[in-house]
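S.K.: This is the structure I want to talk about, given as structure tokens.
The values are calculated or read from the model by the stated rules, or taken from the named source; none is laboratory data. Nothing here was measured: the structure is a model prediction, and the numbers come from that model. Positions of Cβ are generated from backbone atoms using ideal geometry, with glycine treated the same way; all protein chains shown enter the neighbour counts. Accessible surface is based on the protein model in full, side chains and every heavy atom, while ligands, DNA and RNA are left aside. Shrake-Rupley method; radii C 1.70, N 1.55, O 1.52, S 1.80 Å.
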Amino acid sequence: MPQGLHLQGTEINVRKFSMKFQSRWLTLGVVSTALLLIVIDMTVLYTALPSLAQALHTTASEKLWILNAYSLVMAGLMPAMGALGDRLGHRMVFISGMALFGLASVIAAFAPSAAVLIAARALLAIGGAAMMPATIAIVRTTFHDSKELAFAIGVWASVASGGAAVGPVLGGVLLEHFWWGSVFLINVPIIAVAAVLAWWLVPKSAGNANVTIDLHSCWQSTLGIIALAYGIKELARLDSHVLLAWGALLAGAVTLTVFVRRQLRLPQPLIDFSLLSVTPIAMGIFIALVASMTLIGFELVLSQRLQLVLGKSPLEAGAFVLPISLGSFFAGPLAGVLIGHIGGPRVIAAGLVMCASGIWGYLGLNEAGALWQVGVLALCGVGIGFSLTASSALVMTNVSEDRAGMAGSVEGVAYEFGGGLGVTIFGSLMTAVYVAHVRHGGIEAMAGSGLDEAYRNTQQGIQSPAVLQSAMQAFEASFAAVSGVVIALLFSLALVVLVLARHLPKQQTGN
């Protein structure tokens with residue numbers, strides 16, 4: 001062969017390799033952008049909630065459902081959407097989900113009432129449920145080199161964890177210049193560009209026509225999750241209907257029990273619980289749930305404290321929690337590298353300890369200088385980034401490519417259900433401790449069931465500033481209680497992970 005032709009052929013091969021290399025990293029960028037929007041919408045209302053509540057005249061129950069509808073509906077529908085992706089191909093479901101997400105964002109932005117906003121949030125959740133499993137499934141099938149896959153999962157996990165902290169910042173920035181609906185409207189141009197790029201970059205997949213979608217399983221999972229969350233929320237309300245609350249808890253538990261038994265009988269279940277028989281996968285999914293639950297729960301109470309007690313504006317409150325996001329973003333890829341040296345479980349345990357130490361540090365330093373507070377919140381973010389990256393790596397490296405969609409949907413349920421549980425459990429705990437303190441002080445009629453109600457009563461002249469000061473002290477007690485529970489949970493979980501890791505083969509831990 002002439003030397004010129006040989007060099008020309010080599011140059012062509014190099015160009016093809018370069019284009020393929022760029023294509024897969026651009027694909028990672030597209031799915032990461034979509035994932036960022038999904039997780040941002042879990043927390044973007046934290047800073048917008050006070051403005052939104054005043055504009056739409058929401059009740060306390062409506063505020064919780066505006067927050068919860070998104071995470072809970074998404075968690076219930078994600079297994080069905082994962083199966084739909086396996087049947088039709090993840091590319092088609094991914095792009096369709098983005099289109100629905102954009103439409104729902106427009107409806108939410110111009111919602112005239114709390115009921116319409118709750119419905120729009122549910123519609124957003126349907127689009128997010130279609131997108132979420134597809135993002136990690138596309139990553140798993142796009143990257144075949146083990147080192148590249150670990151790094152890509154690190155990027156994916158850093159977006160999944162850090163994006164939650166971007167929400168309050170984005171909400172604060174937008175509310176400084178626009179009305180509350182702008183926190184949804186910002187999604188539209190981003191999702192439009194991402195959908196076009198996804199159509200061009202994400203490779204087509206035929207899917208598997210033999211995959212069936214069981215409608216009974218769909219409604220069982222959705223109803224069970226929502227019923228459980230409603231029961232927990234109702235128990236913590238000042239005017240709680242105890243029988244209704246326990247009835248909802250019982251209905252949720254029974255429905256999910258029936259759902260699990262049905263999955264074990266079906267030849268093609270929505271959730272293949274045999275995945276959980278693999279210890280690293282079960283560990284990774286459980287860590288994803290708990291880490292998401294604690295992060296969202298802590299950020300909820302922290303953002304409320306910053307605005308209602310410290311008097312920060314939405315923008316200032318959002319900027320204050322930015323170190324969590326930045327720490328998580330930087331930690332994800334680094335954790336992907338560390339997994340190969342010390343193993344996934346050790347990275348998870350180290351992350352959980354760092355996150356707990358960061359929250360503990362904030363409790364002790366919340367009166368100290370801003371630099372110290374930034375440092376401990378950044379430590380919290382690094383810890384979450386480490387834990388979520390390692391948990392995702394445990395799941396995706398121990399599952400085959402043809403089951404990536406199933407694994408992605410299960411992990412997505414863990415993320416979203418964890419977020420919903422965080423809002424419900426820790427929001428309810430915050431309310432319960434607050435209510436107990438104002439009852440003990442004999443000011444429950446004036447302080448209401450939350451500090452925002454106490455502020456409204458003061459502005460309307462219904463109560464004195466002294467009562468408001470007592471309500472603030474009650475809120476501080478509730479904040480300390482929630483933070484203490486989170487810290488204890490994270491430290492305990494780190495110990496459990498290290499104990500379990502001693503019985504796992506090295507090849508299953510990522511060493």
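S.K.: Give the range 309-319 a look and list any residue that's within 18 Å of Q373 (Cβ to Cβ) and surrounded by 24 or more Cβ atoms within 10 Å (Cβ to Cβ), or say none.
M.R.: Matches in the range 309-319: A317, G318.
S.K.: Could you please tell me which pairs satisfy a Cβ distance under 7 Å, a separation of 6+ or placement on different chains, a first residue in the range 169-191 that is on the phi > 0 side of the Ramachandran plot and in contact (Cβ under 8 Å) with a residue 40 or more places away in the chain, and a second residue that is part of a helix (DSSP H, G or I) and open to solvent by 30 Å² or more (accessible area, probe 1.4 Å)?
M.R.: none
S.K.: Which members of the range 346-372 meet the condition of being in contact (Cβ under 8 Å) with a residue 24 or more places away in the chain and touching a Phe, Trp or Tyr at 6+ places or on another chain (Cβ under 8 Å)?
M.R.: V347, I348, A350, G351, L352, V353, M354, A356, I359
S.K.: Quick check on the range 366-401: of everything there that is part of a helix (DSSP H, G or I) and modelled with pLDDT under 80, which residue is surrounded by the most Cβ atoms within 10 Å (Cβ to Cβ)?
M.R.: In this case the residue turns out to be M396.
S.K.: Within the bounds of the range 320-338, is there any residue that is open to solvent by less than 10 Å² (accessible area, probe 1.4 Å), under 25 Å from E176 (Cα atoms) and not in a helix (DSSP H, G or I)?
M.R.: Checking the range 320-338: at least one residue is open to solvent by less than 10 Å² (accessible area, probe 1.4 Å), under 25 Å from E176 (Cα atoms) and not in a helix (DSSP H, G or I).
S.K.: While we're on this one: On the basis of being part of a helix (DSSP H, G or I), of a type in the set (S, T, N, Q), buried (at least 24 other Cβ atoms within 10 Å of the Cβ) and touching a helix residue (DSSP H, G or I) at 6+ places or on another chain (Cβ under 8 Å), does S71 make the cut?
M.R.: In short, yes.
S.K.: Has the range 247-270 got any residue that is of a type in the set (S, T, Y), modelled with pLDDT of 80 or more and either at positive phi or open to solvent by less than 10 Å² (accessible area, probe 1.4 Å) (or both)?
M.R.: no
S.K.: Also, quick follow-up: Could you please find all residues in the range 339-365 being farther than 30 Å from F479 by Cβ, open to solvent by less than 50 Å² (accessible area, probe 1.4 Å) and hydrophobic (A, V, I, L, M, F, W, C)?
M.R.: If the condition is that a residue be farther than 30 Å from F479 by Cβ, open to solvent by less than 50 Å² (accessible area, probe 1.4 Å) and hydrophobic (A, V, I, L, M, F, W, C), then I339 is the only one that fits.
S.K.: Test each condition in (1) at pLDDT 80 or above; (2) farther than 30 Å from V435 by Cβ; (3) open to solvent by 20 Å² or more (accessible area, probe 1.4 Å) for S274 and report the one that comes out false.
M.R.: Of (1) at pLDDT 80 or above; (2) farther than 30 Å from V435 by Cβ; (3) open to solvent by 20 Å² or more (accessible area, probe 1.4 Å), only one is false for S274: (1).
S.K.: Still on this model: Identify all residues within the range 103-129 that are closer than 15 Å to I191 by Cβ and open to solvent by 10 Å² or more (accessible area, probe 1.4 Å); write none if there are none.
M.R.: Selection gives L103, V106, I107, L123, I126.
S.K.: Right, another one. Any idea which residue in the range 73-121 is modelled with the lowest pLDDT, counting only those that are within 14 Å of M131 (Cβ to Cβ) and of a type in the set (F, W, Y)?
M.R.: Of everything passing the filter in the range 73-121, F94 is modelled with the lowest pLDDT.
S.K.: Identify, by number, the condition in (1) at pLDDT 75 or above; (2) within 21 Å of the chain's Cα centre (by Cα) that Y230 doesn't meet.
M.R.: Result: Y230 passes all but (1).
S.K.: For the range 195-203, state whether one or more residues are modelled with pLDDT under 75 and either open to solvent by less than 10 Å² (accessible area, probe 1.4 Å) or under 17 Å from the mean Cα position of the chain (by Cα) (or both).
M.R.: Checking the range 195-203: not a single residue is modelled with pLDDT under 75 and either open to solvent by less than 10 Å² (accessible area, probe 1.4 Å) or under 17 Å from the mean Cα position of the chain (by Cα) (or both).
S.K.: Evaluate the range 404-427: report whether one residue or more is modelled with pLDDT of 70 or more, among the hydroxyl-bearing types (S, T, Y) and in contact with a Ser or Thr (Cβ under 6 Å, 6 or more places away or on another chain).
M.R.: yes
S.K.: Assess whether M472 counts as being in a helix (DSSP H, G or I), crowded, with 24+ Cβ neighbours inside 10 Å, modelled with pLDDT of 75 or more and of a type in the set (A, V, I, L, M).
M.R.: So M472 fails the test.
S.K.: Give the residues of the range 29-51 that are surrounded by fewer than 22 Cβ atoms within 10 Å (Cβ to Cβ) and either among the β-branched types (V, I, T) or over 18 Å from the mean Cα position of the chain (by Cα) (or both), sorted by residue number.
M.R.: G29, T33, P50, S51
S.K.: While we're looking at this one, here's another question. Would the range 278-286 turn up any residue that is over 30 Å from A48 (Cα atoms) and in a loop (DSSP other than H, G, I, E, B)?
M.R.: Checked against the condition, which is being over 30 Å from A48 (Cα atoms) and in a loop (DSSP other than H, G, I, E, B), the range 278-286 yields at least one hit.
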